Structures are given as C-alpha cells and as structure tokens.
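Since the structure comes first, as structure tokens, the remarks are kept for the end.
A short reminder: the numbers here are calculations on the coordinates, not readings from a lab. Model, not experiment: these values are computed from the prediction. Positions of Cβ are generated from backbone atoms using ideal geometry, with glycine treated the same way; all protein chains shown enter the neighbour counts.
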C-alpha cells in the first residue's frame, strides 16, 4: 500500500517536471535561444513554446530592447601628454540574439572594452582644447567604430555619448584662471567699448550743440544787423526831415524878423543902439579879451540905412515898403512824405518776417540743416525771409534820391 503510494507520488513529480520542461513562455521584447541536444535549433520571442523534455533546452534569454550602459571613467592620454578621465554612455540594441549568444562570450564586456580602446585611439590624436571642443566628432567616430565592430555580434550601436571629461586638478585650476582672465578681458573690452561709445555720443552731442549755438548766434547776428540797418535808415530819414524842418524854421524866422524890421521902419539910431547892445554879448567869449570899435562906425551905419531906406524931410533915412515886397513862397510838395508818421509797410513786413524766423524752433536734423545752411547765410536773402533790394527794400541810394 505504501509502496504503491510512493510510486504514484514519484510518477506525479516526474510528470510535473516533464511538463515544466516541455513548456516555455517567452515574453515580448525578449528572445530565447533554443538548443536541441547541444546544437542551435531556433530563436523564439513573445510566444508560448513547447520543448522536448531532456532534449531541448533554452540556452539564453536575450533582451531585445535598446540598452543603455554607462562605463566607468577611463584614463586617456591626449596628444599634448595630459591624462584625462572620460566616462562614456553607449546606447545599443541586440538585433540577432543567436549571434549575441554564440559569437561572443559577454557582449556588454566586449562593447565596454571596444569603446575604451576606440576612445583612447581617437582622443590620443587630439589636444586638450580639441578634446573639450570636439565632443560631437568623438561621439560620431566612436559610434562608427563600435557599430562596425559589433555588427557580427548581432548588435546595433545607436549612440555613444561622452558623459564627462575630467582633466587633472592642476589643469582644471589653470583652465579656471584662464577662463577668469578671458572674462576679465572681455569685461574690460566691453567697458572700453562703452566708454568709447559714450565719448563718441558726447562729442556728437557737443558738436550738434555747438552747431545749433552757432546757428542761433548767426541768426541773432543777422537779425541784429538787419535791425541796426533799419534803425539807421529810419534815424537818417528822421534826421533828414528834422534838418529840413530846422532849415525851414530858420528861413521862416529870418523872414519874419526881416518883415518885422521892415514894418517897424528902423532908423540908424535904433540900429546903432541894437548894435551896441550886442557888443557885450560878442565880447562875452573866453577868448575875446580886446575889442576894437572902428572909427567910421557912424558912416557905416549911414551907408547901411541908405541901402534899404529913404531920407525923410528931417534928414533921417527910413524904410518904405514897396509893392514888390512879397514874401517868397516855398513848394513843399516834394517833401510832404518826409513828415508822414505812419510806419513804412515794407519795413514793418521785413521786421515781422525777421521775428517769425527768430521764433521758429530749431528741430530739424543736422544733415538737413547743413544742406540748407548754404542759401541761408546770405544776409538779406529771400530764403531767410528778409526783404532785399528786389523786394522793394529801402536802400541808402533810394533814400538819397528821395531827399
């Protein structure tokens, strides 16, 4: 009874073992290399596989996904004899599982060693500066060599990246000093450039300010000269009219005096008396110290009376008016406009235009001002708005003709 039970248990265990070894479940993205009696039979992936117990066996299971392997830092000597510590990252994928199993013992170790040797060959022909600035070139060379070498292993190398490049501490310190010096140099250059630009802008501003000041001074000088000219012309016109009036008044005064004298019929005694009254005034000058009265003074007065008077019954010469003593008439028609108190419209227009130019704000660009400054420098030109001789301005020659 017990012996039969033991036999049943043994048969059940044997059946379980046989069933377990006869069925294999291979998941997706994984491949199983199957051998029969020690020889490669097939590769299965993502399915349920039946095996012949004790005849078939799964030699290896291979991950078909892209794998990322980071290798520890490796010492590499550059062309300028500097030792760098470089660690790499390789992205690869198994494309032929049976080759990865049968062509190489451990494809990960093979990839690592191949990457190390290739890295030393590539970096050994570069200097430190080239190594630090040629990461893409190094990555491309490593990928090309590894992909070609691992093709027979059933691998496809997708990418190779240099994770870090660590130079010796002394070189790092020197690089930091050099970087600091370069940054200070760039900062000094930028500061100098800023100062130069600032100086240029300041000089340009001063130049424009001086030009505008000169333009303003020029306009002020032109307006002052124009005002002085107009003032002189008006003053000359006023002085001319005043002299004419003064002369006319003197003439009228002399005419009235002589008319009064003739109306009063003066005698030689009266003339002598008036003459004697004027003698002290004539001798009142500071330089008049001696006066001599001529001895024939009476005869001179008598001849003077005879010249414009007639002798009466009493023997005294008296003035007698005649019908021909008519005061002369003066024609003032040619000088009537001298005494017109109204302002000359041409002069008023010139002054108004000059004031308009002076009040005009200066806001034009420097280039346009320099281009338009040539015609504006002519005193009295039409571009300035000042009346000239062609526009009816009163010139000194015209003033002489009008006088």
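A few notes on this one:
- Kirkwood Rh, angstrom, the range 55-136 [1 / mean 1/r, Cα pairs]: 14.8 Å
- When both the range 3-35 and the range 169-242 are represented by their alpha-carbon centers, they are found 100 Å apart.
- Highest average first, the peptides 133-145, 180-192 ordered by how many other beta carbon atoms sit within 10 Å of their residues are 133-145, 180-192.
- Cubic angstrom per residue, convex hull over Cα atoms of the range 118-183: 96 Å³
- Shape call, the range 21-64: gyration tensor on alpha carbons, a/c limit 1.5: oblate
- Site pair residue 180 and residue 127 shows an inter-label distance of 2.4 nm when each label is modelled 7 Å from Cα along Cα→Cβ.
- For the range 196-252, the fraction of C-alpha pairs more than 17 angstrom apart is 65%.
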